[in-house]
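Participant: Sharing a structure, written as structure tokens. Questions coming.
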Amino acid sequence: MKTADFRKKINRFVCNNNGSTIVFALMIMAILSVIGFYSINDSVSEGNIARNHGIYKENLYRSEFAVRTIIQNIEDEPDPKDSINPTSDDYDITVNIPIETDLDWSDLKAIDLINNSQYIAVYNGIASGSNLDLTEPTQMYSYTIYGRGFSDDNSEFIIEAGFRKRY
């Protein structure tokens, strides 16, 4: 008789489903919470990537604007010998400077333009190979133009462009 009572108690305990629904619901909620956490984390990461890409493009366009501005200024000069030379205050024209991202551009007297952009024009002198043409009455001069676009979060983009003008 004791075994029959013991079996009834075990059967009643094993066949009782009253708490299993709650346990199953809690497991599903825990799994959904983990999936939700990783989804939010992924969304935040994607947002940061998109933001950084936007800042990168803005800095690229700012630095390109700076380079194009100084090239246009040099191009518009009919005779840049007087206004663009190594001692000119209009353009910071230097010789053989390494431009790096961690360089302090204020030491180089970089010219500020609008929208967080700067430029430096480097005078390279007479372009190599240009004086071989004896039929030309003028010389070909070479410049290296550096444009820098930067933003308020200390990110920057630097473009280096070569430019030649005959005058």
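Participant: Among ARG166, ARG148, rank each residue by its count of other Cβ atoms within 10 Å, from fewest to most, as a rough exposure measure.
Facilitator: Starting with the residue having the fewest Cβ neighbours, the order is ARG166, ARG148.
Participant: Taking amide H atoms as placed 1.01 Å from N in the peptide plane, list the residues 5 or more away in sequence, or in a different chain, whose amide H sits under 5 Å from that of ALA127.
Facilitator: Sorted by chain and number, the residues that satisfy this are MET140, TYR141, SER142.
Participant: If packing is taken as the mean number of other Cβ atoms within 10 Å per residue, what is the order of 58-66, 26-34, highest first?
Facilitator: 58-66, 26-34
Participant: At 0.36 nm per residue, and after removing the present C-alpha to C-alpha distance, how many nm does the segment from LEU60 to PHE37 gain when stretched out fully?
Facilitator: The LEU60-PHE37 span can extend by a further 4.8 nm.
Participant: Extension gain ARG166-ASN154, at 0.36 nm per residue separation less the Cα-Cα distance, in nm?
Facilitator: 0.5 nm
Participant: Ranking request for peptides 151-160, 113-122: highest mean number of other beta-carbon atoms within 10 Å first, then the rest in descending order.
Facilitator: Final packing ranking: 113-122, 151-160.
We did not get these values from a lab; they are worked out from the coordinates using the rules stated. In this text, all values refer to a predicted model and were calculated from it rather than measured experimentally. All Cβ positions, even for glycine, are placed from backbone atoms using ideal geometry, and neighbour counts span all protein chains on display.
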